[in-house]
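Contents: one structure, followed by commentary.
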Amino acid sequence: MSHATEENQIIHGVIWKQLLLFFFPILFGTFFQQLYNTFDAIIVGQFVGKAALAAVGGGTSNLVSIVVNLFVGVAAGTTVVVAQGVGARDVDRVRKTVHTSAAMSLVGGLAFTIIGILAARPALVAMGTPADVMEYAVDYLVAYCLGMIPSFFYNVGAGILRAVGDTKRPLYFLIVACFVNIVLDILFVAVMSMGALGAGLATTISQWVSAILIFLALVRTTAIYQLDCKELGFDGRSLSRVMQVGIPAGLQSNMYSISNVILQSCINSFGTDTVAAWTSFTKVDGFFWMVIGAYGIAITTFAGQNYGAGLYHRVRKSVRVCLGMSAGTAVVMSVLMIASSSLLLGMFTQDAVVLEIGNRIVYGMMPFYVTYVCIEILSGAIRGCGQSLIPMILTGCGVCGLRILWVFLVVPQKQDIMTVVASYPVSWIITSLCFIAYYKLGHWLPKEDRAKPVEETV
């Protein structure tokens, strides 16, 4: 085995093994990240009531996700640029990207903190949040906004570590932060009776913990991605590279959130029981998205390093392998989650009406999870090769556009929660077909390798 092989198995090792080595730490990391809000919902739902539960979920989660998705998108841009720099062995490019991205996370986080606090109530009013949910939702959203800076910094820092092949430390840091969140949730909500505000503060404090840990990891390393506070600043070329990938990636993620906000407005009109049922469902549903999202992050980093190394044939092989793995996972998860839906939804509420509505939603959406796989994996691979505009356009038209049309054209014909639910599988199927067509026909990857291929096993 050569020294190069020992250094970087991503561009030389067995593809499925390397994907799994990326996938599992990312999966567990996103699991604990998902556990943040899930535990908020469990504690609030059991100790405060269904109005507060609706606030922690339906009243705020879509608004928060719009900002967080932008953070994650920019972090994805950092991951791609750093990964390509590592694959090409361009030390200067890696260092400038690290310091530019870190500076951007601090400035951007501060800006969104101020905007979020000022816009919290007007945004919730515009969404038609029910009156009995409103004050809980405002409290939770304002408290959550105080964690914007650490949230942005953590995502960028974790993206840097993943780009160089380190997926374990972001996981460890999230585990620590998650346990902090759980302890504080119990203290603030169950013991001190602080309601939705307490849940928001618990999440914010835990985000600061994860950000501090990621900061220490970056400043204490001696590797090429070391963060030196004296070098913090904006390099124009590095910023441009990150934004070229990150902004479309963030906007692509926000296509989902924007359409979900519009759909949430429809759901809010159905009353508190339906909002609480939808909130409970989305907490369960979130575990599928964390799994498929982990595959997406894995293929993005994998494709980025191999693209930087000029191993284009390996990018294509990794896409085929990752599609098979993620499709199999989606089918298994659908079966398991449908079979245990009553138990899973029961973690959040014991209200019989809420549970009945929640189960209807489960049966209407979860069987179609597999139809989403191509969107996540193909967009991740294409983005890893530096092209994120086309995935953004396809998602914007196929997901956001279709769902908005659905709200205005189909929902009025039959105003029921299941009409809203149907928009999800319809948009997944159509958008997946568009991604497959672009993957096959688009010029997003050169046909011939720039580097000499290595002997490998799929």
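The values are calculated or read from the model by the stated rules, or taken from the named source; none is laboratory data. Just so you know, these numbers come straight off a predicted model, no measurement behind them. Ideal geometry is used to build each Cβ from the backbone, glycine not excepted, and the neighbour counts take in all protein chains shown. The accessibility values were calculated without ligands, DNA or RNA, using every heavy atom of the protein model including side chains. Shrake-Rupley method; radii C 1.70, N 1.55, O 1.52, S 1.80 Å.
Around residue 214, with a cut-off of 14 angstrom between Cβ atoms, what is the net charge of the other residues, counting Lys and Arg +1 and Asp and Glu -1?
Working: positive: 162, 168, 169, 220; negative: 166.
So the environment of residue 214 carries a net charge of +3.
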Specify the angular offset, from 0 to 90 degrees and rounded to the nearest 10, of the alpha carbon long axis of helix 91-126 from the longest principal axis of the alpha carbons in the chain. 10
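Over segment 392-442, what per residue volume does the convex hull of the Cα atoms give, in whole Å³? Provide the component values of the computation, followed by the final result.
Working: hull volume 3.0 nm³, N = 51.
Enclosed volume per residue, from the Cα hull, is 58 Å³.
Evaluate the Kirkwood expression for the hydrodynamic radius of the chain, namely the inverse of the mean inverse distance over all pairs of different C-alpha atoms, and round to one decimal in Å. Intermediate values should be presented prior to the final figure.
Working: mean 1/r = 0.0449 Å⁻¹.
Computed over the chain, the radius equals 22.3 Å.
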Rounded to the nearest 10 degrees, what's the angle between the helix 417-441 long axis and the longest principal axis of the chain, both from Cα atoms, 0 to 90? 10
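Relative contact order of the chain, please, whole-number percent, based on alpha carbon pairs below 8 angstrom and at least 6 residues apart. Kindly include the intermediate steps, with their values, before the conclusion.
Working: 751 pairs, mean separation 113.1, N = 458.
After rounding, I find 25 percent.
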For the chain, dividing by residue count, accessible area per residue (probe 1.4 Å) in Å² works out to 39
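Excluding the sites themselves, what is the longest stretch of the chain that contains no GluC sites (Glu not before Pro) in a DSSP loop with at most 13 other C-beta atoms within 10 Å?
Working: sites that count: 448, 455.
Longest gap between qualifying sites, sites excluded: 1-447.
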Check: C-alpha center segment 270-307 vs C-alpha center segment 393-444, spacing in Å is 17
Could you sort 287-293, 439-445, 83-89 so that the peptide with the highest average Cβ count within 10 Å comes first and the rest follow in order? 83-89, 287-293, 439-445
Do any trypsin sites (Lys or Arg not before Pro) in segment 334-414 lie in a DSSP loop with no more than 10 other beta carbon atoms within 10 Å, and if so, which? 414
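Ignoring everything except DSSP H segments at least 4 long, calculate the 222 nm mean residue ellipticity for the chain; use -39,500 (n - 2.57) per segment, divide by total residues, nearest 500. List each step's numbers first, then the result.
Values: 18 runs with 353 residues, N = 458.
Calculated from helices alone, the mean residue ellipticity at 222 nm is -26500 deg cm²/dmol.
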If the viscosity is 1.306 mPa s and the temperature 10 °C, what Stokes-Einstein diffusion coefficient in µm²/s follows for segment 118-244 when Rh is the Kirkwood radius over Cα pairs? 95
Nothing charged except the Cβ atoms of Lys and Arg (+1) and of Asp and Glu (-1): what's the magnitude of the dipole of the chain about its Cα centre? Round to the nearest 20 debye. 1140
What does the net charge come to around residue 120 if you take all other residues with beta carbon closer than 13 Å to its beta carbon, with K and R at +1 and D and E at -1? -1
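Of 17/96; 17/283; 168/283; 50/414, which sit over 28 Å apart, Cα to Cα? Numbers along the way, then the final one.
Details: 17/96 31 Å; 17/283 30 Å; 168/283 25 Å; 50/414 26 Å.
Long pairs (Cα-Cα over 28 Å): 17/96; 17/283.
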Rounded to the nearest 10, the angle in degrees between the Cα long axis of helix 373-384 and the longest principal axis of the Cα atoms of the chain comes to 40
Suppose every K and R has +1 on its Cβ and every D and E has -1 on its Cβ; what is the size of the dipole of segment 62-203 about the Cα centre, in Debye to the nearest 20? 640
